[in-house]
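Trainee: So that we are looking at the same thing, I have put the structure below in structure tokens.
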Amino acid sequence: MKKTILITGGAGFIGSHVVRLFVNTYPDCQIVNLDKLTYAGNLENLKDIEDKANYTFEKGDIVDATFIDSLFEKYKFDGVIHLAAESHVDRSITDPMAFVMTNVIGTVNLLNAARATWKDKYEGKRFYHVSTDEVYGELHDPKEFFVEDTSYDPRSPYSASKASSDHFVRAYNSTYGLPVVISNCSNNYGPNHFPEKLIPLMINNIKNKKPLPVYGKGENIRDWLYVLDHARAIDVIYHKADDGETYNIGGNNEWTNIDLVHLICDVMDKKLGQPVGESRNLITYVKDRAGHDLRYAIDATKLMNKLGWEPSVTFEEGLEKTVDWYLNNWDWISNITSGDYQKYYQEMYS
Ligand code: NAD
Ligand code: TYD
């Protein structure tokens with residue numbers, strides 16, 4: 001029997017790569033992409049696969065329980081890969097409730113609908129919740145890494161909402177036996193990344209010769225993974241992990257923000273045919289983010305040893321591919337950096 005998988009948030013950054021991978025790799029599987037198309041959702045991301053027979057798009061809000069129940073009634077999903085979320089830490093600081101609604105209430109609506117549809121018959125069923133390493137809080141000791149049983153210590157409204165949703169997912173596993181898996185991934189980068197996040201923001205501002213806002217002293221550390229490698233990890237975990245398992249996903253690739261911004265400046269100078277050093281002049285230190293987590297770093301040994309996943313590109317290759325993608329798809333960025341986003345951006349940095 002043909003399987004039907006619901007992917008939520010499939011018009012967003014990571015979701016669009018997951019949808020494309022599943023649609024192309026599993027032609028016998030029907031992929032339903034549910035997305036509200038918020039400022040972060042863009043169907044342009046999926047133009048190349050929108051006509052495929054095994055792909056369907058549904059516009060809707062995971063906060064709307066009646067709608068979610070009717071969607072499950074219509075498709076009787078065999079699996080769910082849940083990525084829909086409010087995802088930007090800075091927005092969570094100015095509007096925490098939007099994060100509670102989508103990330104917590106939306107997730108519980110999906111869990112309830114899955115339970116009601118599967119009715120305790122869980123053979124061949126799976127609910128995969130895509131989470132973040134930010135639920136573990138921040139690291140100070142350079143020798144420490146996040147592992148799967150690191151205690152939760154979320155410090156931003158975003159990470160608190162994701163931590164809360166993770167707890168609900170695990171609780172539905174313990175209480176009702178719902179067959180769940182969770183992964184917690186480090187910072188992603190790559191094509192289709194919305195330009196409010198560090199790497200595409202810097203690429204966009206360098207191209208437009210605008211200031212490059214570095215929070216605080218630029219000493220915070222993030223662990224960067226190419227988005228297609230995250231999508232490949234989700235594929236492996238969805239198909240191979242045991243029920244109830246958690247996997248950390250990361251590329252063992254830590255950078256201080258300022259070193260990373262320097263690298264992006266140098267790659268951009270080369271690509272734009274400018275003297276090396278020109279873009280670095282745009283760097284502007286700005287007020288630090290409130291509660292700014294110092295360091296994230298993932299230990300992905302479990303995923304590598306148990307399921308055989310490993311990153312497929314080095315950071316140098318991935319960053320070059322990313323810069324090339326933005327320079328070759330400038331319409332994509334121009335289309336989304338008008339209107340509401342411009343207003344938000346001006347308020348943030350004025
Ligand atoms: P994104 O903001 O680019 O995309 C989110 C998508 O969800 C958008 O298409 C948006 O329209 C949709 N959406 C938002 N609210 C919705 C709602 N109420 N109903 C239906 N759809 C809604 O986010 P992303 O960076 O692609 O992240 C995807 C997932 O991966 C999130 O759950 C995030 O927490 C997690 N994650 C992200 C990263 C990262 O570095 N970006 C790292 C680890 C985990
Ligand atoms: P971001 O891309 O927002 O991801 P996250 O906060 O989820 O890690 O930010 C990555 C890092 O870059 C984080 O330490 C904050 C910093 N940052 C800046 O210094 N300037 C910026 O304009 C942005 C958006 C982020």
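The values are calculated or read from the model by the stated rules, or taken from the named source; none is laboratory data. Quantities reported herein were computed from a predicted structural model and do not represent experimental measurements. Please note: Cβ atoms are built from the backbone with ideal geometry, for glycine as well, and neighbour counts cover all protein chains shown. Note: areas computed on protein heavy atoms with side chains; ligands, DNA, RNA excluded. Shrake-Rupley method; radii C 1.70, N 1.55, O 1.52, S 1.80 Å.
Trainee: Might you report the magnitude of the Cβ-based charge dipole of segment 202-243 about its Cα centre, with Lys and Arg at +1 and Asp and Glu at -1, to the nearest 20 debye?
Mentor: So the magnitude is around 540 debye.
Trainee: Shape call for segment 199-350 from the C-alpha gyration tensor, a ≥ b ≥ c root eigenvalues: rounded (a/c under 1.5), prolate (a/b greater than b/c) or oblate?
Mentor: Prolate, because a/c is 1.5 or more and a/b exceeds b/c.
Trainee: Moving on to the next point. For the pairs 2/36; 143/306; 119/306, note any where the Cα-Cα span goes beyond 28 Å.
Mentor: As for pairs spanning more than 28 Å Cα to Cα, those are 119/306.
Trainee: If I ignore ligands, DNA and RNA and count only protein heavy atoms, how much of residue 217 is accessible to a 1.4 Å probe, in Å² to the nearest 10?
Mentor: 150
Trainee: Compute the FRET efficiency between residue 304 and residue 101 as 1/(1 + (r/R0)^6), taking r as their Cβ-Cβ distance and R0 = 41 Å, and round to the nearest 0.05.
Mentor: E(calc), rounded to 0.05, equals 0.70.
Trainee: Determine, from the Cβ-Cβ distance of residue 143 and residue 272 and an R0 of 51 Å, the FRET efficiency 1/(1 + (r/R0)^6), rounded to the nearest 0.05.
Mentor: So, using R0 = 51 Å, E works out to roughly 0.85.
Trainee: With the dipole of the chain worked out from charges on the C-beta (+1 for Lys and Arg, -1 for Asp and Glu) around the Cα centre, which of 279, 221, 169 lies farthest toward the positive end?
Mentor: So the residue furthest toward the plus end is 169.
Trainee: Moving on to the next point. Quick one: dipole size for the chain, taken about the Cα centre, charges +1 on Lys/Arg Cβ and -1 on Asp/Glu Cβ, in debye to the nearest 20.
Mentor: Roughly 520 debye, rounded to the nearest 20.
Trainee: At what distance in nm do the modelled label points of residue 3 and residue 153 sit from each other, each positioned 7 Å from its Cα along Cα→Cβ?
Mentor: The answer from the label model is 3.8 nm.
Trainee: May I ask for the distance between the Cα centers of segment 1-60 and segment 204-279, given as a whole number of Å?
Mentor: A separation of 24 Å, based on Cα centres.
Trainee: Using a 1.4 Å probe over the heavy atoms of the protein chains, calculate the carbon and sulfur portion of the accessible area of the chain as a whole percent.
Mentor: Answer for the chain is 51 percent, counting heavy atoms of protein chains only.
Trainee: Among rounded, prolate and oblate, which fits segment 235-321 when a ≥ b ≥ c are the square roots of the eigenvalues of its C-alpha gyration tensor, a/c under 1.5 means rounded, and a/b larger than b/c means prolate?
Mentor: oblate
Trainee: What's the long-distance tail for segment 48-175, i.e. % of Cα pairs beyond 21 Å?
Mentor: It works out to 48 percent of all Cα pairs.
Trainee: I would also like to ask the following. Rounded to the nearest 10 degrees, what's the angle between the helix 157-176 long axis and the longest principal axis of the chain, both from Cα atoms, 0 to 90?
Mentor: Tilt relative to the chain: about 20 degrees.
Trainee: Kindly report the accessible area of the chain per residue (heavy atoms of protein chains, probe 1.4 Å, no ligands, DNA or RNA), in Å².
Mentor: 43
Trainee: Could you work out how far apart the two model spin labels at residue 51 and residue 74 are, taking each label as a point 7 Å from the Cα in the direction of the beta carbon, and quote it in nm?
Mentor: 2.3
Trainee: Here's something else I'd like to know. What length, rounded to one decimal in nm, is gained on full extension from residue 25 through to residue 90, with 0.36 nm per residue of separation minus their alpha-carbon distance?
Mentor: Answer, rounded to one decimal: 19.9 nm.
Trainee: Additional query: Determine the dipole magnitude for segment 177-314: charges of +1 sit on the beta-carbon of Lys and Arg, -1 on that of Asp and Glu, nothing else is charged, the reference point is the Cα centre, and the result goes in debye to the nearest 20.
Mentor: 560
Trainee: For the chain, find the longest principal axis of its Cα atoms and tell me its angle to the long axis of helix 227-240, 0 to 90°, nearest 10.
Mentor: 20
Trainee: Right, here's the next one. Report, in degrees rounded to the nearest 10, the 0 to 90 angle that the Cα long axis of helix 339-349 makes with the longest principal axis of the chain.
Mentor: Here the helix axis deviates by roughly 60 degrees.
Trainee: Also, quick follow-up: For a distance above 12 Å, tell me the whole-number percent of Cα pairs in segment 130-169 that qualify.
Mentor: Summing the P(r) of segment 130-169 above 12 Å gives 55 percent of all pairs.
Trainee: Taking all protein chains together and a probe of 1.4 Å, list 202, 97 from the most accessible to the least accessible.
Mentor: I get 97, 202, largest accessible area first.
Trainee: So what's the chain giving for Rg/Rh, alpha carbon basis, Kirkwood Rh from the mean inverse pair distance?
Mentor: Looking at the chain, the ratio lands at 0.95.
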